[in-house]
1. With Rg and Dmax of the Cα atoms in Å defined as stated, name the option among (1) 16.0, 55; (2) 15.9, 59; (3) 17.7, 66 computed from the structure displayed.
2. How would 49, 39, 78 line up by accessible area, probe 1.4 Å, largest first?
3. Could you go through region 2-11 in sequence order and give the Karplus-derived ³J(HN,Hα) for each residue, using 6.51 cos²θ - 1.76 cosθ + 1.60 with θ = phi - 60°, rounded to whole Hz, and x for Gly and Pro?
4. Multiply the residue separation of residue 43 and residue 76 by 0.36 nm, subtract the distance between their alpha-carbon atoms, and state the gained length in nm to one decimal.
5. On full extension of the chain, what length is gained from residue 33 through residue 19, given 0.36 nm per residue of separation minus the C-alpha to C-alpha distance?
6. Hey, in the GNM for the chain with a 10 angstrom Cα cutoff, which one of 100, 45, 17 fluctuates hardest?
7. Counting each DSSP H run of 4 or more residues in the chain as -39500 (n - 2.57), what helix-only mean residue ellipticity at 222 nm follows after dividing by all residues, to the nearest 500 deg cm²/dmol?
Amino acid sequence: RFHTVMLTDVPVLHMADRNEARRFITLIDALYEAHAVLIMSCCSDIYHIFTGQFDDGDVSPLLGHAGEEEVFAFQRAISRLVEMASSQWIINGRNRFLADNARRQAHEAAHPPAHE
């Protein structure tokens, strides 16, 4: 339905934030499936949004069992975020303005103007 979504102030998520992490993963999955453009700001780079640890730094004792599912799902979400950050994703996206702009920038980068 929406071709572009802006999401701000995404916090670093710990194992104690599993419910929030699942919701975040579900959102990323839905945006990915819809081939939507995501503009996101967060407190960390995307590779460190999910720690797999509790707030105090201890590795979750659930990591070997139930927490493993969250870690796998979050790794998939990170992979999708990386793909969604690519210019190719924007070019193939549903936001015509951003797609046209990305195509123009790619063309200009491949064909720089000749200097006189």
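1. (3)
2. Values: 49 5, 39 75, 78 25 Å².
In descending accessible area the options line up as 39, 78, 49.
3. Residue by residue, region 2-11 yields 9, 8, 9, 10, 10, 10, 10, 6, 5, x Hz.
4. Details: separation 33, 0.36 × 33 = 11.88 nm, distance 1.96 nm.
Gain in length upon complete extension: 9.9 nm.
5. On the way: separation 14, 0.36 × 14 = 5.04 nm, distance 2.11 nm.
Contour length minus Cα-Cα distance gives 2.9 nm.
6. 45
7. Working: 4 runs with 55 residues, N = 116.
Calculated mean residue ellipticity at 222 nm is -15000 deg cm²/dmol.
The values are calculated or read from the model by the stated rules, or taken from the named source; none is laboratory data. Predicted model only: the values in this text are computed from it and were never measured. These area figures cover heavy atoms from the full protein model, side chains too; ligands, DNA and RNA do not enter into them. Shrake-Rupley method; radii C 1.70, N 1.55, O 1.52, S 1.80 Å.
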